[in-house]
1. Collect the residues in the stretch 114-134 that are surrounded by 14 or more Cβ atoms within 10 Å (Cβ to Cβ) and out of contact with any Leu (no Cβ under 9 Å at 6 or more places or on another chain), keeping them in residue-number order.
2. Show the residue pairs meeting these rules: Cβ distance below 8 Å; 6+ apart or different chains; first residue within the stretch 204-217 and open to solvent by 60 Å² or more (accessible area, probe 1.4 Å); second residue part of a loop (DSSP other than H, G, I, E, B) and not hydroxyl-bearing (Ser, Thr, Tyr).
3. For the stretch 162-250, give me every one of the helices (runs of 4 or more DSSP H) that falls completely inside it and has 3 or more residues that are within 30 Å of His98 (Cα to Cα).
4. Condition first: touching a residue at least 24 places away in the same chain (Cβ under 8 Å) and either crowded, with 18+ Cβ neighbours inside 10 Å or part of a helix (DSSP H, G or I) (or both). Now tell me which residues in the stretch 147-161 satisfy that.
5. Within the stretch 52-71, can you find the residues that are out of contact with any Phe, Trp or Tyr (no Cβ under 7 Å at 6 or more places or on another chain) and surrounded by fewer than 19 Cβ atoms within 10 Å (Cβ to Cβ)?
6. Restricting to the stretch 173-197, and then to whatever is in contact (Cβ under 8 Å) with a residue 40 or more places away in the chain and of a type in the set (A, V, I, L, M, F, W, C), can you tell me which residue is surrounded by the fewest Cβ atoms within 10 Å (Cβ to Cβ)?
7. Taking the stretch 47-77 as the region of interest, how many residues are in a helix (DSSP H, G or I) and over 30 Å from His127 (Cβ atoms)?
8. Report yes if some residue within the stretch 21-33 is open to solvent by 90 Å² or more (accessible area, probe 1.4 Å), among the polar types (S, T, N, Q) and under 28 Å from Ser75 (Cβ atoms); otherwise report no.
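The values are calculated or read from the model by the stated rules, or taken from the named source; none is laboratory data. Predicted, not measured: the structure shown is a model, and the values here were computed from it. Here Cβ is always computed from backbone atoms with ideal geometry, including for glycine, and neighbour counts include all displayed protein chains. The protein model used for the area step is the full one, side chains on, heavy atoms only, and it has no ligands, DNA or RNA in it. Shrake-Rupley method; radii C 1.70, N 1.55, O 1.52, S 1.80 Å.
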Amino acid sequence: MLTPMVAGGVVFPGLFLLSKNTLQRLPQLRWEEADAVIVSARLVSSVQAVMASTAGYIVSTSCKHIIDDQHWLSSAYTQFAVPYFIYDIYAMFLCHWHKHQVKGHGGDEGGARAPGSTWAVARGYLHKEFLMVLHHAVMVLVCFPLSVVWRQGKGDFFLGCLLMAEVSTPFVCLGKILIQYKQQHTLLHKVNGALMLISFLCCRVLLFPYLYWAYGRHAGLPLLAVPLAIPVHVNLGAALLLAPQLYWFFLICRGACRLFRPRGSPPRSPCQTQD
């Protein structure tokens, strides 16, 4: 178990440092540290997402029996990804710190706090990114032990499908980078926004009904009968995982409304009333 975790602990921070130093030192780029940190953090998240999605696809398509079939990647990648969630909490803090230091990005923490205070920045970070930090902590402290111990080698198909939820992450990261550099008006941003909306809906929101349907087909049950046929704690776990996805999907839809709304639309449109 230690080998994949040590590998993950080296790969993700190492890739971040390599990317940041490259962006800062290449003569053609010479980026400021803040820009290099933000883009490098998004890059590492995208790389992890591609790796997770690929591993999930391999696992889910290799398991013909959705309960008993096993694939070595399911446990190996789960262990490999644990350090990523720990690293990413710190990487997100670094991004928040640098945004706080840039003029025009420090107002969220309130004027009464010292602009350079680490504690003030940390409080602002936890306030702004609480749901994401909680999500990462749950992945490490709850989901990882459950996937390694509680499953007892069962359900690799479902774990593979859950890994494929990361398909939407590269689009999310690219969207944040484009917004950071005020490229909302570009065609790239609009195309990326549409792909982000579709991939998030399919791979994070509709994923859970699909998993219920897959189990129902395996057990010979209609979809609506599946929640009553499985343990309560499984339904509860699925609901807790789905809840933040629905919230983030709402935010994406709200952003899509603003992005694709024609210029000069009346201020009473439904999209604007959500702001």
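1. Start the filter on the stretch 114-134 by keeping residues that are surrounded by 14 or more Cβ atoms within 10 Å (Cβ to Cβ), which leaves 120-125, 128-129, 132-133.
Matches in the stretch 114-134: Ala120, Val121, Ala122, Arg123, Gly124, Tyr125, Lys128, Glu129, Met132.
2. These pairs meet every condition: Tyr215/Ile66; Tyr215/Leu221; Tyr215/Ile230.
3. Numbers: elements: 169-180, 187-200, 207-219, 226-229.
By residue number, 169-180, 187-200.
4. Restricting attention to the stretch 147-161, the residues satisfying the condition of being touching a residue at least 24 places away in the same chain (Cβ under 8 Å) are 147-148, 153-161.
If the condition is that a residue be touching a residue at least 24 places away in the same chain (Cβ under 8 Å) and either crowded, with 18+ Cβ neighbours inside 10 Å or part of a helix (DSSP H, G or I) (or both), then Ser147, Val148, Gly155, Asp156, Phe157, Phe158, Leu159, Gly160, Cys161 are the ones that fit.
5. Thr54, Tyr57, Ile58, Thr61, Ser62, Lys64, His65, Ile67, Asp68, Gln70, listed by residue number.
6. Going through the qualifying residues, I end up with Ala194.
7. Of the stretch 47-77, the ones in a helix (DSSP H, G or I) are 47-62, 72-77.
Those still in the list that are over 30 Å from His127 (Cβ atoms) too: 50-51, 53-62, 72-77.
Of the residues in the stretch 47-77, 18 are in a helix (DSSP H, G or I) and over 30 Å from His127 (Cβ atoms).
8. No; the residues of the stretch 21-33 include none that is open to solvent by 90 Å² or more (accessible area, probe 1.4 Å), among the polar types (S, T, N, Q) and under 28 Å from Ser75 (Cβ atoms).
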